[in-house]
1. Quick check on the stretch 55-90: of everything there that is of a type in the set (Lys, Arg) and touching a residue at least 12 places away in the same chain (Cβ under 8 Å), which residue is surrounded by the fewest Cβ atoms within 10 Å (Cβ to Cβ)?
2. So which residues in the stretch 75-111 are β-branched (Val, Ile, Thr) and either in a loop (DSSP other than H, G, I, E, B) or within 25 Å of Lys157 (Cβ to Cβ) (or both)?
3. Could you go through the stretch 55-70 and let me know if any residue there is modelled with pLDDT of 95 or more and either assigned by TED's automatic domain parsing to the domain that holds Cys151 or in a loop (DSSP other than H, G, I, E, B) (or both).
4. Inspect the stretch 99-114 for any residue being farther than 16 Å from Thr24 by Cβ, assigned by TED's automatic domain parsing to the domain that holds Tyr33 and within 16 Å of the ligand (Cβ to nearest atom) and give the result as yes or no.
5. Could you check the stretch 49-92 and list, in sequence order, the residues that are within 16 Å of the ligand (Cβ to nearest atom) and hydroxyl-bearing (Ser, Thr, Tyr)?
6. Report the residue count in the stretch 10-44 for those that are without any contact (Cβ under 8 Å) to a residue 24 or more places away in the chain and under 14 Å from the mean Cα position of the chain (by Cα).
7. List pairs: first in the stretch 138-157 and touching a residue at least 40 places away in the same chain (Cβ under 8 Å) and of a type in the set (Gly, Ala, Ser), second within 7 Å of the ligand (Cβ to nearest atom) and outside any loop (DSSP other than H, G, I, E, B), Cβ under 6 Å, 6+ apart or cross-chain?
8. Quick test of your reading of the structure: Asp7 fulfils all but one of (1) among the charged types (D, E, K, R); (2) in contact (Cβ under 8 Å) with a residue 60 or more places away in the chain; (3) not in a helix (DSSP H, G or I). Name the failing condition by number.
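The values are calculated or read from the model by the stated rules, or taken from the named source; none is laboratory data. Everything numeric in this text was worked out from a predicted model, so none of it was measured. Heads up, the Cβs are rebuilt from the backbone with ideal geometry, glycines too, and the neighbour counts pull from every protein chain shown.
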Amino acid sequence: MLFVNPDAHSNRDIPNLSLAYAATYFKSRVIDYNTLPEPINRLYTGETDILGVSIQSRSYSHANSIKRKYEELFPDATVKSINGFMDVLCCYPFLQWDDTLNFDVPFSDELPFPEYERFDSFDTFFKNWKSGHWHYPVVTSLGCPFLCTYCASRNRKWISRSPENCVKELKQAKEAIKAEAVELAMELAEKKLKEKLTKEEQEKLLEDSLTKIGGKG
Ligand code: SF4
């Protein structure tokens, strides 16, 4: 099994978070054309049994051309869309073909943290996270009560992970990246959690801390 993130020509500094969770769950590698557009033919150097393509409206045309070319080169392979609990990223909804691989797991503290090293663009992410040039992403919640007309997330039920679980993920990122910005946000969030705040206060504090490093999902 192999996953691919087609080129959306935007938000190159943000991993496809839906695909990151799916790749971690299925233990799959990801060819990431959005952050690493070249070399364009690297997907076609070997055959896999199932190719999972993560599709958004902004990458729909590239996703379709990948499907056509892969099926032509490897007629025995199955090319499917891949979809999971995250149905929107950066305002754009995820789409699916008739044949889709459903990552049917609820968003909760039980999920393993996304393993971004599964992306072949990981070195680019790592270098930019470490230098503080790009923000390390943490998906703290899904949905949004606001009504921005251009955004597919608008007016949807808000669900979140616990602050403790988010801090655990930040701690892990701190160990791996050793970046000052991650360290600062993590220490602030952890310190405040120890002050026995109410759940609402913890969530507000975590949100503020994550905003410092642009970590709001
Ligand atoms: S505030 Fe909510 S609806 Fe508006 S862009 Fe952000 S996520 Fe989308």
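1. Lys69
2. Keep residues of the stretch 75-111 that are β-branched (Val, Ile, Thr), which gives 78-79, 82, 88, 100, 105.
Matches in the stretch 75-111: Ile82, Val88, Thr100, Val105.
3. Looking through the stretch 55-70, none of the residues is modelled with pLDDT of 95 or more and either assigned by TED's automatic domain parsing to the domain that holds Cys151 or in a loop (DSSP other than H, G, I, E, B) (or both).
4. Scanning the stretch 99-114 turns up no residue that is farther than 16 Å from Thr24 by Cβ, assigned by TED's automatic domain parsing to the domain that holds Tyr33 and within 16 Å of the ligand (Cβ to nearest atom).
5. Correct list: Ser57, Tyr92.
6. Result for the stretch 10-44: 1.
7. Pairs found: Ser153/Cys144.
8. (2)
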